[in-house]
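First up is the structure itself, then whatever we jot down about it.
The values are calculated or read from the model by the stated rules, or taken from the named source; none is laboratory data. Computed from a prediction, not measured in an experiment: that's the story for all the values here. Don't worry about glycine lacking a Cβ; one is built from the backbone with ideal geometry, like all the others, and counts go over all protein chains shown. Note: accessible area is taken over every heavy atom of the protein model, side chains too, but ligands, DNA and RNA are not part of it. Shrake-Rupley method; radii C 1.70, N 1.55, O 1.52, S 1.80 Å.
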Amino acid sequence: MDAAPQDFTRVLSSMCTVPHPDARDAATTFLADNPGDPATYPAVSALESEVVEMLGEITNLDEPNGYVASGGTEANMQAVRAARDLADTDSPNVVAPESAHFSFPKAADVLNVELRLVPVDDDRRANLDAVQAAVDDDTAMVVGVAGTTEFGRVDPIPALGEVAADAEALFHVDAAWGGFCLPFTEYDWDFADAPVDTMTIDPHKMGRAPIPAGGFLARDERVLDALAVDTPYLETTGQATLTGTRSGAGVAGAHAAIDALWPQGYRENYERGMENARWFTSELRARNVDAVDPTLPLVAFDLPPREFEALRERDWRISRTASGETRVVCMPHVTREMLTNFLADLDNVRAEPVSAREC
């Protein structure tokens, strides 16, 4: 095979990163173990239970229920599925801000649930009045995002939790990317801060675990019970996961990464990422580029399409938000040198004659 894996030295758009070396080794060791069959593969099953406990510590949930999912999409889908099945209505709806991840429209389509996307406020956070207006007696779940994909914003989680509680709906927090940053901030976002019922938090993002290693957490065991199906040909009698057979690589890699990095390593990742994000924002503004103030290690900024495409042609892996801003995510693999090189290329692109860029 001649193909080579992605070189991360010019990757600025990804919310995944280079795995921690311990996580890479552990993933290889448990590659063939299947946590979907815990009676046959008890070692990796025990590791999964420990990962859930670790994630509970990170999110301030004393007795966590959950499992290691394939990623945020699966975890969000499972949250919607549980809310639908636990709701006392034949016409369930889910209320979420328009900043919610695209996995929610996907979940609504697959699960035949109405999704009500509501506007965000001027700071790109969930608009509480809009959420309140969208909630009704058929609302099965209210969603808050703790680290939005496009702008890194943290919704007003406690207030959203109150709206959900008043509606007798489940409250889900999508902290897939932000969950390994937020413990080192002043934001209220976790199970101790609000009446959170379920949460998505992905070790394979800021947690530096290998892909796939998502996290699905629930406060109450009844949520997992609602997801469980009978597994008559296995020694275990039920299974709450969505995918069934899974590689033990994600489980073991997540365990090794968290064991190596929690809490100090993750604090250093977050602080370095924020320092880079603030520095990068300052440098962009010095070049008269309009950039959004970063609240987590993610910078969104205006870049003309011509300049964006020219930087892509120079192999910079950048992406755009739905509203057109370029986004750079300061993941653990992103260094000040990388950002400096990107800015140098931006300067060079801007110095080129327009006709040369169009050729």
Subset tally (residues that are surrounded by fewer than 24 Cβ atoms within 10 Å (Cβ to Cβ), charged (D, E, K, R) and not in a helix (DSSP H, G or I)) for the stretch 154-181: 1
Looking only at the stretch 252-296, and only at residues there that are of a type outside the set (Asp, Glu) and touching a Phe, Trp or Tyr at 6+ places or on another chain (Cβ under 7 Å), the one that is nearest to Pro35 (Cα to Cα): Ala252
So Gly250, is it of a type in the set (Gly, Ala, Ser) and farther than 16 Å from Ala69 by Cα: no
Matching residues in the stretch 115-125 - criterion: being open to solvent by 70 Å² or more (accessible area, probe 1.4 Å) and in a strand (DSSP E or B): Leu117
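So for the stretch 331-349 (the condition being of a type in the set (Gly, Ala, Ser) and in contact with an Asp or Glu (Cβ under 6 Å, 6 or more places away or on another chain)), does at least one residue qualify?
Keep residues of the stretch 331-349 that are of a type in the set (Gly, Ala, Ser), which gives 344.
Checking the rest, the ones that are also in contact with an Asp or Glu (Cβ under 6 Å, 6 or more places away or on another chain) come to none.
No, the stretch 331-349 contains no residue that is of a type in the set (Gly, Ala, Ser) and in contact with an Asp or Glu (Cβ under 6 Å, 6 or more places away or on another chain).
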Residue that is farthest from Ala228 (Cα to Cα) [pool: residues in the stretch 48-71 that are in a loop (DSSP other than H, G, I, E, B) and among the hydroxyl-bearing types (Ser, Thr, Tyr)]: Thr59
Among residues of the stretch 295-306, those that are open to solvent by 20 Å² or more (accessible area, probe 1.4 Å) and more than 17 Å from the chain's Cα centre (by Cα), counted: 4
Condition check for Asn65: surrounded by fewer than 21 Cβ atoms within 10 Å (Cβ to Cβ), touching a helix residue (DSSP H, G or I) at 6+ places or on another chain (Cβ under 7 Å) and under 26 Å from Pro183 (Cα atoms): yes
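Test of understanding: among Asn288, Asn348, which residue is without any contact (Cβ under 8 Å) to a residue 24 or more places away in the chain, part of a loop (DSSP other than H, G, I, E, B) and out of contact with any Leu (no Cβ under 9 Å at 6 or more places or on another chain)?
Details: Asn348 fails: part of a loop (DSSP other than H, G, I, E, B).
Only one candidate qualifies: Asn288.
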Every residue from the stretch 195-210 that is in contact with a Pro (Cβ under 8 Å, 6 or more places away or on another chain) and open to solvent by 10 Å² or more (accessible area, probe 1.4 Å): His204, Arg208, Pro210
Residue satisfying condition, being closer than 20 Å to Ala351 by Cβ and assigned to a helix (DSSP H, G or I), within set Glu283, Glu271, Glu275: Glu283
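Of the residues Thr326, Thr335, which single one is loosely packed, with under 15 Cβ neighbours inside 10 Å, of a type in the set (Val, Ile, Thr) and at pLDDT 95 or above? Spell out the reasoning first.
On the way: Thr326 fails: loosely packed, with under 15 Cβ neighbours inside 10 Å.
Unique residue meeting the criteria: Thr335.
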Identity of the residue in the stretch 267-289, among the acidic types (Asp, Glu) and either in contact with a helix residue (DSSP H, G or I) (Cβ under 8 Å, 6 or more places away or on another chain) or surrounded by 15 or more Cβ atoms within 10 Å (Cβ to Cβ) (or both), that ends up farthest from Leu182 (Cα to Cα): Glu283
Any hit, the stretch 127-148, residues being hydroxyl-bearing (Ser, Thr, Tyr), within 18 Å of Thr200 (Cβ to Cβ), out of contact with any Cys (no Cβ under 6 Å at 6 or more places or on another chain) and open to solvent by 10 Å² or more (accessible area, probe 1.4 Å): no
Filtered residue count, the stretch 75-114, keeping only those that are buried (at least 19 other Cβ atoms within 10 Å of the Cβ), under 15 Å from Val135 (Cα atoms) and not β-branched (Val, Ile, Thr): 7
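Quick one: would you say Ser14 is open to solvent by 30 Å² or more (accessible area, probe 1.4 Å), in contact with a His (Cβ under 9 Å, 6 or more places away or on another chain) and not hydrophobic (A, V, I, L, M, F, W, C)? Full working, then the answer.
Details: open to solvent by 30 Å² or more (accessible area, probe 1.4 Å): yes; in contact with a His (Cβ under 9 Å, 6 or more places away or on another chain): yes; not hydrophobic (A, V, I, L, M, F, W, C): yes.
Taking the combined requirement at face value, the residue satisfies it.
What about Gly147, is it at pLDDT 95 or above, small (Gly, Ala, Ser) and touching a Pro at 6+ places or on another chain (Cβ under 9 Å)?
No: the conditions fail for Gly147.
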Close pairs from the stretch 18-44: first without any contact (Cβ under 8 Å) to a residue 60 or more places away in the chain and of a type in the set (A, V, I, L, M), partner part of a loop (DSSP other than H, G, I, E, B) and open to solvent by 30 Å² or more (accessible area, probe 1.4 Å), Cβ under 8 Å, at least 6 apart: Ala43/Phe30; Ala43/Asp33
